[in-house]
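Coordinate-derived values only; no laboratory data. Just so it is clear, the model here is predicted, and its values are computed rather than measured. Neighbour counts are summed over all protein chains in view; Cβ atoms, including those assigned to glycine, are modelled from backbone coordinates with ideal geometry.
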Amino acid sequence: MNKSNQLSGWWDESRQGNVASFGCIHHELYPALYHYLLKIIRDEDICQDILQDLFIKMWERKENFGPIYNLKVYFFKSARSMAINYIKSHKIHDSLTDDHQHINIVFSQEEVMVNFENNKEVNRLLSAALNTLPGRQREMIFLKYFDGWNYDQIAEVTGIKYQSVVNHVHRAILQLRTELTTDQQLRNCRMAV
């Protein structure tokens, strides 16, 4: 049984009042949800509060829901929406892009090190290049390559059409390639001097 089917099964059992199954959902989804929200909100306590509210609401309203076939996407979409609502209501401007329509994810060197080879210079260059991307593209790259989501899941969570997600990721990769190639050329020039 794959994770998605297992989550759906636990959800069906939770809707019948099975606390242990809901606990399994919490155990399975909480770490990734927390990591994602921390990239958006950048405050551990607020992330925990938002997730606590999300899980409480889902438990309290479980009878009102029908089957949810992709529970992970549903929880991420809900958590993202709650985070954006929090940001807007508390006027946290650095968490949204300039147009206040998209979240503003920032990549740290430490995070890049965990996900890529352990080369300090490469990690520094890559984190700098990732942070030059527009906010929407940073979010897409984070979900695609740091969390391992497919394009359909990203489209559903962000509310963007599938092809737009593909285009954002493609443009981001092209920009990263250009940034990293330019950085490599500059380093080669410095070494030649």
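Here the spin labels are modelled as points 7 Å beyond Cα on the Cα-Cβ line, and at N167 and Y69 they lie 2.7 nm apart. Taking trypsin sites (Lys or Arg not before Pro) across the range 38-73, the ones in a DSSP loop with at most 14 further Cβ atoms lying within 10 angstrom of their Cβ are R61.
Rounded to the nearest 0.05, the FRET efficiency derived from the C-beta distance between T181 and A32 at R0 = 30 Å is 0.40.
Of S21, N85, I46, which is farthest on the positive side of the dipole of the range 1-93, counting Cα position, with +1 on Lys and Arg Cβ, -1 on Asp and Glu Cβ, and the Cα centre as origin? Checked the options; the winner is N85. Compared with the direct C-alpha span, the chain from S89 to N131 gains 12.6 nm at full extension, assuming 0.36 nm per residue. Extension gain for the segment Q16 to D45, taken as residue separation times 0.36 nm less the Cα-Cα distance, is 7.3 nm to one decimal.
Restriction of the chymotrypsin sites (Phe, Trp or Tyr not before Pro) in the range 1-100 to DSSP coil positions whose beta-carbon has at most 13 other beta-carbons within 10 angstrom yields F65, Y69. Using C-alpha pairs under 8 Å with a sequence gap of at least 6, the mean separation divided by the residue count of the range 1-93 gives a relative contact order of 38 percent.
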